[in-house]
1. Is it the case that B:Lys81 is free of Cβ contacts under 8 Å to residues at least 60 places away in the same chain, part of a loop (DSSP other than H, G, I, E, B), surrounded by fewer than 22 Cβ atoms within 10 Å (Cβ to Cβ) and within 13 Å of chain A (Cβ to nearest Cβ)?
2. Could you please let me know if A:Ile138 is over 21 Å from the mean Cα position of the chain (by Cα) and buried (at least 16 other Cβ atoms within 10 Å of the Cβ)?
3. Go through the range A:287-302 and give me each residue that's more than 16 Å from B:Glu238 (Cβ to Cβ) and of a type in the set (Ser, Thr, Tyr).
4. So which residues in the range A:475-493 are within 9 Å of chain B (Cβ to nearest Cβ), surrounded by fewer than 23 Cβ atoms within 10 Å (Cβ to Cβ) and in contact with a Ser or Thr (Cβ under 7 Å, 6 or more places away or on another chain), if there are any at all?
5. Examine the range B:56-68 for a residue that is more than 15 Å from the chain's Cα centre (by Cα) and in contact (Cβ under 8 Å) with a residue 40 or more places away in the chain, and state whether such a residue exists.
6. Checking the condition under 20 Å from the mean Cα position of the chain (by Cα) and either farther than 27 Å from A:Phe218 by Cβ or modelled with pLDDT of 90 or more (or both), which residue from A:Ala362, A:Ala394 passes?
7. Looking only at the range A:293-325, filter to residues that are part of a helix (DSSP H, G or I) and among the small types (Gly, Ala, Ser); which one of those is surrounded by the most Cβ atoms within 10 Å (Cβ to Cβ)?
8. Quick one: which of A:Val109, A:Val131 is farther than 17 Å from A:Val209 by Cα, of a type outside the set (Lys, Arg) and within 14 Å of chain B (Cβ to nearest Cβ)?
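The values are calculated or read from the model by the stated rules, or taken from the named source; none is laboratory data. Keep in mind that this is a model prediction, so the values were computed, not measured. Glycine also receives a Cβ, built like all others from the backbone with ideal geometry; neighbour counts cover every protein chain displayed.
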Amino acid sequence: MKTINSKYVILLPALLFAAVILLPLLSLLVTSVFADGKLTIENFSSIFQTTTLKSIGNSLIIAAWVGFVSVAFGYGFAFLFTKTNLPFKNTLRFLLLLPLLLPPYMITVAWTDVWLFAGFPKTFIYSLPSVVFILTTIYIPLATFIISGSLQNITASIEEAGEMMTSYKTVFLRIILPLIRPALFSSFILIFILSVSEFAVPSYLSVNVFTTEIFTQFAAFYNFSAAIAHALVLTGICLLLIIPEKFYLSQAPFISFGKKSSSYKILLLENKSKWTLICLAYILLFVLLPLSMLVWQSVSDNSISFWSIIEQLLPSLTDSLLLASSGALLITLLGFAFSTLIIKYNIKTADFLLLLVFAVPALVTGIALAKFYNTPSLNLIYGSSLIILIAFTARFLFISEKIIASSMMQIPASFQEAALLMGASPLYVFRKITLPLLFEALFTSFFIILIFCIGELTTVIMVYPPGISLLPVRIFTLMANAPQSAVSAMCLVALLFTLSLIALMMGGHKILINQQWKRNQS
Amino acid sequence: MKKSRFQLFFQFQFILIFIFLGLISCNRNTYEIVVYTSVDQVFSEPVLKVFEQKTGIKVKAIFDTEETKSTGVLNRLITEKDNPQCDVFWSGDPMRADVLKQKGITESYNSSASIGINPVFIDKDYHWIGFSSRARILLINTDLVSAEDIPQSILDLTYSKYKGKVAIANPLFGTTSFHIAALFAELGNEKAKQFLSDLKRNKVVIASSNGDVKKKVSTGEVSMGLTDTDDGNEAIKEGAHVKMVFLDQNGFGNLIVPNTVSLIKNSPNQENGKKLIDYLLSVEVEKMLAESCAQMPLHKNVPIPESVPSLDNIVAMKVDYSAVAQQSDSIKEFIKQWLEQ
């Protein structure tokens, strides 16, 4: 009886999600297939024009290449950072992360400036391969972190048992690779979706992709219905990729940052210096080079002081921090509720719905929320920061659920069952068993979502209420006509802000884990 | 029982959320105003701050961004039509203001502060009123183009000697779209289409924005580019070796692009909205914008820095702004195809 009650308690947030986020998206879908009150597919017909098909082709080519190359490099780095005794690997891993913390637009500006400075031909700079290159450097750290999580989950005993029978090469091919295959596949899908929805990078490099088509319909023709119809096609493409994942990898861990097996095998590298140098060369060439261009631009103009930049950004730093931390907590709580529904109660539809919302392009989510909530009766939401929390939830709940669910899957049901049999109440079991075991995943979810929320621009730009100042929005609005030196300095300030948060969270993580460890000891 | 840090951490977050929800649930104050603006934040924000200081009315602003190609606030206004959140729309050009008029989003307000402004810059139904203007200019990199090679007409840009050396921003967006629409109105459809085709054949470089045109010219990536006076002025302030050229001074004239201000229909705070409109149309604001971004005042006798050109010294293109805004709609499909060629 008690179990049934707890199921309904967990269902509440799921229903809330359906009402608050799915309804606006559904309502938008309905408006796109109706014109003047009649059912029509007119908005979809323009998809079959040659230029549109070409732009879809460009999007798919870019996303596929970025996905493949990012996963290949991500796997290499993940293996070196997780499974070997590579020196300075934590520092290298941290440096590798940097491109993910900057707006893609700014990284593109920095790269084009580097290439122009080095005298690269314009035919290369403003081309599809350069879009692939820039997006790959941005998403390699994402693949690295997802695959690292998966490698950490392989216990040493499995590998050692294999090595007693055969060579490490065979162990790798027959044991490790199949075990991390879900992570490889999932990081590819995640990066594919993020790349196919990317607008700023191809737009800056004048490469016509499907998102620029959608944007043109929306921003130049003010044709919302056509823009939404185009966006639905993009969502459909993403879903086509997701469906195999649903059948093929339904129970596999998708993202598992932080959570690690108690002992995973570390290989001793034969030539540590060589591998360290390779990693360093990559970081110097593909991470620090564009960053140093931003630093050079920001210090080359004496009229720009970092203090004045911080003063300009200060209101948005506080607003962003407050909203992002509220959003991260809310999303983590919802992520926990959804993980419970999916893992404990085996409600797979919930997983699919989250994936569906995640696959919707950010701009479309923004339009859907603006159209749905902008009514006098819902002004309390639309006119306040609640709309931003909803936008964050729509964008990132899927990621939180995957982080928590992957950890939840590893908790043996017998732990909770034993406690219940001993007469413990479900709440007590939750507090004393489930929460401590999930703590790292919850913390990781909060931290990762916080970083994502701080950088989110495309959805919130459509809905943020007047009087609220968010960091990425402020940087983008100040970009127009601000000198390049000031824009570069702003991006560096934003990067330092995010890095400070990461440091704070890492420190907090250490204290909390130690505290938990001491409590368990006593 | 002593609480663990784990519990404290989550309790602290809950407290944060509730404080935050408390803060945001406050209703809109009647002593405030909401303004949406497509004018660059670096220039518009200081003006709004002075208005706040002078009147005590709190200004809540939504600024536009490069990423949304200055159409973000316009789309928000269209989406919010039935439940307006905004009181005043301050546009960087008349075209967007006219789009809102056509869609029934703005309403008439004939501000007394507009006395002295040439009626050509005022909508006949007072849905928008122009003030401080920019001009479309040709920004020249003086290291790459000699004085005798500087084009004098926009039509000269199709000459083979400028092949691959000219940049313009995407003509579907921003002031560039307005400029192209004005050319269609001035030259007629056939001639204007021919001009664009010739420009394309001459390998014109399409930049992502006017700011990008400025950057491409300043860094020497191209020799010249069509952009706005505020971008040109910024490039000069940054020390780039560039020069602004007003085109067609012996012909049909150079396009002048005024800012416009509109009152939003059924907006929550119309009285404060009217106060802001009166303020934006004042000589004081025109002087501020002349100093900050070289905008040319539409009122007479506004003191301006020496570096700011005066409208009295420029041959302006004769434009019916409303007609051009409507023309812009009809040529978009052609422009899209032109871009895709």
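1. On the way: free of Cβ contacts under 8 Å to residues at least 60 places away in the same chain: yes; part of a loop (DSSP other than H, G, I, E, B): yes; surrounded by fewer than 22 Cβ atoms within 10 Å (Cβ to Cβ): yes; within 13 Å of chain A (Cβ to nearest Cβ): yes.
Considered against the rule, which asks whether it is free of Cβ contacts under 8 Å to residues at least 60 places away in the same chain, part of a loop (DSSP other than H, G, I, E, B), surrounded by fewer than 22 Cβ atoms within 10 Å (Cβ to Cβ) and within 13 Å of chain A (Cβ to nearest Cβ), B:Lys81 comes out as yes.
2. Numbers: over 21 Å from the mean Cα position of the chain (by Cα): no; buried (at least 16 other Cβ atoms within 10 Å of the Cβ): yes.
Taking the combined requirement at face value, the residue does not satisfy it.
3. Residues of the range A:287-302 that are more than 16 Å from B:Glu238 (Cβ to Cβ), as a first pass: A:287-295.
Within the range A:287-302, just A:Ser292 meets the criteria.
4. Once the filter is applied, which keeps residues that are within 9 Å of chain B (Cβ to nearest Cβ), surrounded by fewer than 23 Cβ atoms within 10 Å (Cβ to Cβ) and in contact with a Ser or Thr (Cβ under 7 Å, 6 or more places away or on another chain), the range A:475-493 yields only A:Ser485.
5. First, the residues of the range B:56-68 that are more than 15 Å from the chain's Cα centre (by Cα): B:56-61.
Next, from what is left, pick out any that are in contact (Cβ under 8 Å) with a residue 40 or more places away in the chain: B:57, B:59.
The answer is yes; a qualifying residue exists.
6. Details: A:Ala362 fails: either farther than 27 Å from A:Phe218 by Cβ or modelled with pLDDT of 90 or more (or both).
Matching residue, one of A:Ala362, A:Ala394: A:Ala394.
7. Restricting attention to the range A:293-325, the residues satisfying the condition of being part of a helix (DSSP H, G or I) are A:293-299, A:306-325.
Then keep just the ones that are among the small types (Gly, Ala, Ser); that gives A:298, A:308, A:316, A:320, A:324-325.
On the way: A:Ser298: 22, A:Ser308: 12, A:Ser316: 21, A:Ser320: 27, A:Ala324: 24, A:Ser325: 21.
So, considering only residues that are part of a helix (DSSP H, G or I) and among the small types (Gly, Ala, Ser), the one surrounded by the most Cβ atoms within 10 Å (Cβ to Cβ) is A:Ser320.
8. Values: A:Val131 fails: farther than 17 Å from A:Val209 by Cα.
Checking each option against the conditions leaves just A:Val109.
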